[in-house]
Amino acid sequence: QVQVEESGGGLVQPGGSLRLSCAASGNGFSIYAMAWYRQVPGKQRELVASIISGGSPNYADSVKGRFTISRDVVKKTVNLQMNNLKPEDTAVYYCNRFPTTTYNWGQGTQVIVSS
């Protein structure tokens with residue numbers, strides 16, 4: 001089984017930036033088909049950004065032009081650079097395999113955008 005772990009969240013003012021990182025342990029992990037998701041209390045988890053081998057990254061309309069997903073092959077991590085953050089980006093952010101979320105979900109990393 002693969003267990004993912006997210007990090008990098010925090011409190012940031014509107015317009016600020018954060019960089020999230022996703023690492024994993026266990027056999028079968030591949031950084032070539034991964035995605036970032038986010039969830040706010042009372043709402044379903046939503047897809048934020050995805051990256052697959054041989055394809056262009058895809059983003060939710062709400063984050064296009066502000067977020068960038070990337071992978072570090074050497075470190076075996078998948079990252080999410082978030083710029084020009086808005087209060088509506090406040091959520092717990094998770095990473096998992098894409099398109100099927102077959103890895104064990106991590107605890108997520110909390111992002112709070114507030115002045």
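The values are calculated or read from the model by the stated rules, or taken from the named source; none is laboratory data. The shown structure was predicted, so the numbers you read here are calculated from the model rather than taken from an experiment. Backbone-built Cβ (ideal geometry, glycine too); neighbour counts: all protein chains shown. Only protein heavy atoms, including side chains, enter the accessible area calculation; ligands, DNA and RNA are left aside. Shrake-Rupley method; radii C 1.70, N 1.55, O 1.52, S 1.80 Å.
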## Note on the structure
Gyration tensor (Cα only) of region 1-52 to equivalent ellipsoid, semi-axes in Å sorted down, yields 23, 14, 12
### Query
Do any trypsin sites (Lys or Arg not before Pro) in region 12-115 lie in a DSSP loop with no more than 14 other beta carbon atoms within 10 Å, and if so, which?
K43, K64, K75, K76
### Task
Based on a Kirkwood Rh over C-alpha pairs, give the Stokes-Einstein translational diffusion coefficient of the chain at 20 °C and viscosity 1.002 mPa s in µm²/s.
153 µm²/s
### Task
Over the chain, give the accessible area per residue in Å² for a 1.4 Å probe, as an integer.
54 Å²
### Query
What size of dipole, in debye to the nearest 20, comes out for the chain about its Cα centre when the only charges are +1 on Lys and Arg C-beta atoms and -1 on Asp and Glu C-beta atoms?
120 debye
### Message
Run the reach check for K86 against lysines, Cα to Cα strictly under 22 Å, same-chain hits fewer than 8 apart removed. What comes back?
### Response
K43, K64
### Task
Give me the percent of the accessible area of the chain that comes from carbon and sulfur atoms, probe 1.4 Å, all protein chains in place.
47 percent
### Task
Pop out the ³J(HN,Hα) list for region 93-107 in order, Karplus 6.51 cos²θ - 1.76 cosθ + 1.60 with θ = phi - 60°, rounded to Hz; leave Gly and Pro as x.
9, 10, 10, 6, 5, 10, x, 9, 8, 8, 7, 5, 5, x, 6
